[in-house]
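Following: one structure in structure tokens, then a few remarks.
The values are calculated or read from the model by the stated rules, or taken from the named source; none is laboratory data. Owing to the predicted nature of the structure, the values given are computational and were not obtained by experimental measurement. Note that each Cβ is placed from the backbone with ideal geometry, even for glycine, and that neighbours are counted across all protein chains shown. Ligands, DNA and RNA are stripped out before the accessible areas are found, and what is left, the full protein with its side chains, is counted by its heavy atoms. Shrake-Rupley method; radii C 1.70, N 1.55, O 1.52, S 1.80 Å.
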Amino acid sequence: MAAITMSHIVKRYGDGYPAVNDVSLDVRDGEFMILVGPSGCGKSTLLRMIVGLEDITSGEMRIGDRRVNTVAPRQRNLSMVFQNYALYPHLTVFENIAFPLRLAKVPGDEVDRRVRDTADLLELTEHLDRKPANLSGGQRQRVAMGRAIVREADAFLFDEPLSNLDAKLRGQMRTEISRLQRRLGVTTVYVTHDQTEAMTLGDRVAVLRKGELQQVASPRELYEQP
Ligand code: ADP
Ligand code: ADP
């Protein structure tokens, strides 16, 4: 776990108006922070700069006590969940979840333990030997989440992970993500344009507009605003 500290972050893609303009935001250790705002307001760009998939034009990005502006994505120990969660169709649930650990050459017995703990948390234990084609949509989404959390990263980053799901599944997964984050207590930044997700999932909500941070408040404070 680690706090994420953004100081005066600017991102310019070209000569035009900055995609992210002087954003300063502290995500506390263990906090669930939502980034919300209309399409094009800079949410994904900000998230990609946290992960290291996008260069920072100016400002400082810190994860824990480390300045990460020039640290490669793989060296940041973060876990990102995208909206398009491609599972490997020829691998079992176990091997799909184990994949990042295999890449990192984690010893077999530890892989076994961590995959089983993760499957337990996500109620996938009975499905470990199945292939993705034999799972429901919700189960597949949970496998994708398992693959992201099995690495015991310092923070989780979500980029609209539910936007391709139908309303019922979206509701289920919202509950699932909330339960999981509270259980694990891992620092989380979650991008969405969905008001319901913003108001139900986060400890705090950061509202972006045209690249600028408009306000940061708890869902309750936002709700009670005139
Ligand atoms: P959001 O995630 O809130 O929809 P984005 O971060 O994707 O917003 O985009 C913010 C702004 O930056 C938009 O104006 C978008 O067109 C622009 N933008 C995003 N990615 C790029 C890119 N790779 N090259 C140029 N402009 C980009
Ligand atoms: P989202 O709003 O979900 O981030 P977009 O459709 O804005 O999705 O962007 C999808 C991809 O296109 C992203 O990788 C982004 O970097 C890129 N992109 C967005 N706007 C531009 C742009 N104006 N020029 C070049 N690439 C862009």
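Overview of values
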{"quantity": "Rough spin-label spacing in nm, given labels placed 7 Å along Cα→Cβ, for THR200 and SER136", "calculated": "1.6"}
{"quantity": "Local electrostatic count at LEU91 - Lys and Arg +1, Asp and Glu -1, tallied over other residues with Cβ under 12 Å", "calculated": "+2"}
{"quantity": "Taking the chain and dividing mean pair separation by its residue count, relative contact order in percent (alpha carbons under 8 Å, at least six apart)", "calculated": "31"}
{"quantity": "Max mean-square fluctuation residue, GNM over the chain, Cα-Cα springs under 10 Å, options ILE97, ILE177, ILE149", "calculated": "ILE177"}
{"quantity": "Helix 93-103 axis, angle to the chain major axis (alpha carbon atoms, nearest 10°)", "calculated": "60"}
{"quantity": "Largest-first ordering by accessible area, 1.4 Å probe, given options ASP203, ASP55", "calculated": "ASP55, ASP203"}
{"quantity": "Portion, in percent, of the accessible area of the range 1-144 that falls on carbon or sulfur, probe 1.4 Å", "calculated": "47"}
{"quantity": "Chain lengthening between ARG183 and GLN214 when straightened (0.36 nm per residue, less Cα-Cα)", "calculated": "8.2 nm"}
{"quantity": "Extension reserve of the TYR88-GLN225 stretch, reckoned as 0.36 nm per residue once the Cα distance is removed", "calculated": "44.8 nm"}
{"quantity": "Ranked order, LYS105, LYS131 - accessible area, probe 1.4 Å, largest first", "calculated": "LYS105, LYS131"}
{"quantity": "Rounded FRET efficiency, nearest 0.05, which uses the C-beta distance separating GLU95 from ASN164 and R0 of 30 Å", "calculated": "0.80"}
{"quantity": "Surface per residue (accessible, 1.4 Å probe) for the chain, Å²", "calculated": "50"}
{"quantity": "Zone of ASP22's modelled label, taken as backbone nitrogen in the range 197-213 under 19 Å from a point 7 Å along Cα→Cβ", "calculated": "207-213"}
{"quantity": "Inter-label distance, nm, simple model (7 Å from Cα along the C-beta direction), ARG62/MET1", "calculated": "1.9"}
{"quantity": "Total formal charge among the other residues, if their Cβ is under 13 angstrom from that of GLU152, Lys/Arg +1 and Asp/Glu -1", "calculated": "+1"}
